[in-house]
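Below is one structure, written out as structure tokens; the observations come after it.
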Amino acid sequence: MSSPSSVDPMEFFVEQVAGDDVTARVQSMRKLKMIGDALGREETLSRLIPFLNENVDGDDEILLSMASELGKFVPGLVPGPRAFPIITILEQLAAVEETVVRDKAIASINVIVPFLEKSDAPALLSMIKRLVNADWFTSKVSACGVFHTVYKKLVSSEGRREMRSLFKELSEDETPMVRRSAARNFGPFVEMIEQDHVISDMLPVFRALCNDESDSVRQLAIGGTHSIAKALTDPGINSDTILPIVRNASNDLSWRVRNNLAKGFSGIVKNMGVKPSDMGELFRCYSSLLRDNEAEVRAGAVIEIAKMTQLGGSNLFLTFVADTLPSLAEDGVMEVRSKLAQSIMACVEPSICGKLSDTIIVKSFMPIFESFLSDEYSEVQLHILNNLSRVSHLLSKMDGIVNKILDMTNDKNWRVKKAVAILMPFLAESMGVEFFESYLLDSWMKLLQDRVADVRSAIVISIIKLSKVTGPAWIHKEILPRTKRLYANSTSYLTRVTIIGCYVSLASNEVTHRQLQEELISLLLKSFDDNVPNVRMISAKGLRQFSHHCDDTAVVMKIKTALTQRIAREDDDDCKYFAQMALDDIVSFF
């Protein structure tokens with residue numbers, strides 16, 4: 001019997017894929033790249049590739065794996081100048097009936113083509129011709145997907161002209177599936193074409209696809225609007241050619257067309273670079289999509305509000321968008337309200353949209369904030385709560401919103417309470433420390449004891465912001481006495497762990513003054529005597545974290561002594577382990 005090292009990988013592979021067990025054949029094909037690596041470059045080119053070229057048949061799952069694996073051969077295993085034989089195999093796979101196999105073959109072709117030599121361009125053009133002129137529609141559908149990579153590889157003007165003509169032929173094919181594929185791939189292809197030819201050759205194709213009798217073709221074609229606008233580059237030409245297409249699409253009888261337009265509207269406007277005089281017309285079209293009868297269209301348009309506002313400015317927002325917001329905020333479809341909540345919070349994020357003044361934000365968004373904080377769906381509430389800190393400087397002008405937040409500290413949904421816990425320090429910053437002390441402090445302490453870990457963790461996170469807003473002296477006076485009493489009286493070790501987390505966060509904070517820091521360390525050391533091992537373990541972890549930030553040798557030596565004594569008498573292995581880690585860190589740093 002031969003040893004494993006003497007087994008020829010090629011013979012092993014052929015034996016596996018020729019067997020009767022379909023599962024074994026699929027598994028073998030999934031290891032095609034591994035087989036190629038084992039054979040090496042020359043053996044792969046001389047034996048494996050020819051074998052695959054002659055055996056493009058079998059179960060669809062096997063062909064899918066082959067199409068996927070072949071795309072991984074280049075450039076690592078097979079260099080680009082020698083990779084065209086792989087394209088020949090993938091061309092066969094691009095013609096099979098199963099859609100997922102064809103799609104994967106096209107994807108692999110598009111990966112490999114950029115690595116091919118310029119001298120391979122005529123052969124690539126011949127491949128395109130064979131696919132386009134095939135009898136069965138599947139090859140034509142696949143051909144549309146490789147036009148953009150092959151066109152870029154071509155250098156001859158005649159070859160490129162021929163490819164533009166072939167694409168036009170596909171866009172007029174009698175089979176809707178072929179026209180759909182042409183519409184889907186129009187965008188990537190037109191971006192590769194020279195501007196003069198875009199106007200003369202591709203613009204008529206685009207208009208025809210946008211006016212196709214099949215709404216599925218029009219739907220896909222409108223998705224390429226931003227690409228042709230980008231390819232045309234000239235604002236004047238875009239206004240004359242693309243604007244009418246956008247206007248017609250916004251009134252199309254098919255909601256799918258309007259939906260596809262709505263979802264990419266800001267990309268179209270950005271790439272068009274239209275004259276200011278035409279921006280109003282685009283916003284008028286956009287406004288009609290916000291008022292559309294179909295919820296899917298409204299949802300698609302709503303998510304674009306922030307980007308459109310950034311592109312158009314506050315005047316166009318007030319003229320065409322602001323009036324639609326109240327009805328959208330009361331939309332009967334939750335998805336629309338949810339996306340509106342995301343969009344209006346994006347409108348107050350300077351990195352996304354910096355065009356709206358505080359006055360406009362308060363006037364246009366405050367009623368929506370209040371409405372959404374009372375929404376029956378927590379998803380809508382959370383989109384507001386999780387981002388309300390962006391307008392914390394305006395909360396003093398939004399009494400209704402503050403009252404809503406106060407009510408939400410007792411919400412049944414833990415995610416809502418978590419968001420409120422993180423937001424509380426921002427309320428203190430906006431409304432003042434006295435307001436926090438009078439109205440929020442008791443709720444803050446209650447959330448510290450919440451039964452959900454994420455809510456308690458939010459308190460640990462937010463205490464840093466709270467200390468920066470209120471100052472260490474206030475923390476020392478108001479928070480520490482309450483947490484000390486709670487720690488002493490609590491029967492829940494989880495609450496004690498949360499308090500320790502707060503102490504660690506404060507002790508490690510650079511703004512904490514020395515007196516408070518020393519008391520926090522004393523409290524952490526005292527927690528070493530807790531009767532629950534988990535508490536002692538968290539204390540050890542906390543002291544280790546603090547030691548990384550402390551430059552006071554006396555304090556560190558105090559911690560070192562306490563850790564040494566704890567290790568000596570600790571009977572829990574986990575506690576001893578983390579205490580030893582903390583001690584080792586201190587020894588290494590000091």
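Here the Debye sum runs over all C-alpha atoms of the stretch 114-253 as equal scatterers in vacuum, and log10 of I(q)/I(0) at q = 0.14, 0.15, 0.16, 0.22 Å⁻¹ comes out as -0.62, -0.70, -0.79, -1.35. Annotation: extensible slack from Lys526 through Asp196 equals 110.9 nm (criterion: 0.36 nm per residue apart, minus Cα-Cα distance). Exposed loop sites, defined as trypsin sites (Lys or Arg not before Pro) outside DSSP H, G, I, E and B with at most 11 other Cβ atoms within 10 Å, are absent from the longest region of the chain, namely 1-411. Note: the stretch 378-447, Cα convex hull, 74 Å³ per residue. Think of the stretch 40-167 as a dipole: +1 on every Lys or Arg Cβ, -1 on every Asp or Glu Cβ, centred on the Cα centre; then among Ser65, Ser157, Ala134, Ser157 lies furthest on the positive end.
Mean silhouette area of the stretch 292-378, derived from the convex hull of its C-alpha atoms and averaged over all directions, reads 5.2 nm². So for the stretch 1-63, what percent of the C-alpha to C-alpha distances run longer than 12 Å? The share of Cα pairs beyond 12 Å in the stretch 1-63 comes to 69 percent.
Once Rg and the Kirkwood radius are both taken over the C-alpha atoms of the chain, their ratio Rg/Rh works out to 1.11.
Using equal-weight Cα scatterers in the Debye expression, the normalised intensity of the stretch 64-152 in log10 at q = 0.12, 0.15, 0.19, 0.20 Å⁻¹ is -0.30, -0.47, -0.76, -0.85.
Once every Cα of the stretch 1-111 carries one equal point scatterer and solvent is ignored, give the base-10 log of I(q)/I(0) from the Debye formula at q = 0.16, 0.22 Å⁻¹, two decimals. Per q value, in the given order, log10 I(q)/I(0) is -0.68, -1.25. For the stretch 18-43 and the stretch 277-326, what is the separation of their C-alpha centers, rounded to whole Å? That distance is 54 Å.
Projected label points at Arg161 and Glu213, each 7 Å from Cα along the beta carbon direction, are separated by 3.3 nanometres.
Its alpha carbons give the stretch 461-590 an Rg and a Dmax of 14.1, 42 Å.
Of all accessible surface on the chain at a 1.4 Å probe, what whole percent is carbon and sulfur? Don't jump to the answer; show the numbers that get you there.
On the way: 13010 of 26570 Å².
So the carbon and sulfur contribution to the accessible surface is 49 percent.
Rounded to the nearest 20 debye, the dipole magnitude of the stretch 221-284 is 260 debye, with +1 charges on Lys and Arg beta carbons, -1 on Asp and Glu beta carbons, and the Cα centre as origin.
Here the contact order of the chain, divided by its residue count and restricted to Cα pairs under 8 Å and six or more residues apart, works out to 5 percent. Dividing the radius of gyration of the alpha carbons in the stretch 305-428 by their Kirkwood radius gives 0.95 for Rg/Rh. Estimated from the Cβ-Cβ distance and a Förster radius of 22 angstrom, the FRET efficiency linking Arg514 and Lys468 is about 0.80. For the stretch 97-153, chymotrypsin sites (Phe, Trp or Tyr not before Pro) meeting the loop criterion (DSSP other than H, G, I, E, B) and having at most 11 other Cβ atoms within 10 Å: Trp136. Kindly state, to the nearest 0.05, the FRET efficiency for Ala568 paired with Trp414, given R0 = 51 Å and r defined as their beta-carbon distance. Step by step, r from the Cβ atoms, then E = 0.80.
Run the numbers for Glu174 and Asp135: contour at 0.36 nm per residue of separation, minus the present Cα-Cα distance, in nm.
Values: separation 39, 0.36 × 39 = 14.04 nm, distance 1.25 nm.
That pair, Glu174 and Asp135, stretches by 12.8 nm at full extension.
Between Tyr493 and Met334, the FRET efficiency estimated from the beta carbon spacing at R0 = 51 angstrom works out to 0.80. The per residue volume of the convex hull around the alpha-carbon atoms of the stretch 392-515 is 96 Å³.
Straightening the chain between Thr359 and Ser314 buys 15.1 nm, computed as 0.36 nm per residue apart minus the Cα-Cα spacing. The label-point distance for Asp37 and Arg291, in a model that sets each label 7 Å from Cα toward Cβ, rounds to 6.1 nm.
The values are calculated or read from the model by the stated rules, or taken from the named source; none is laboratory data. All values reported here derive from a predicted model rather than from experimental measurement. In this analysis, Cβ positions are derived from the backbone assuming ideal geometry, glycine residues included, and neighbour counts consider all displayed protein chains. With ligands, DNA and RNA removed, areas are computed over all heavy atoms of the protein, side chains included. Shrake-Rupley method; radii C 1.70, N 1.55, O 1.52, S 1.80 Å.
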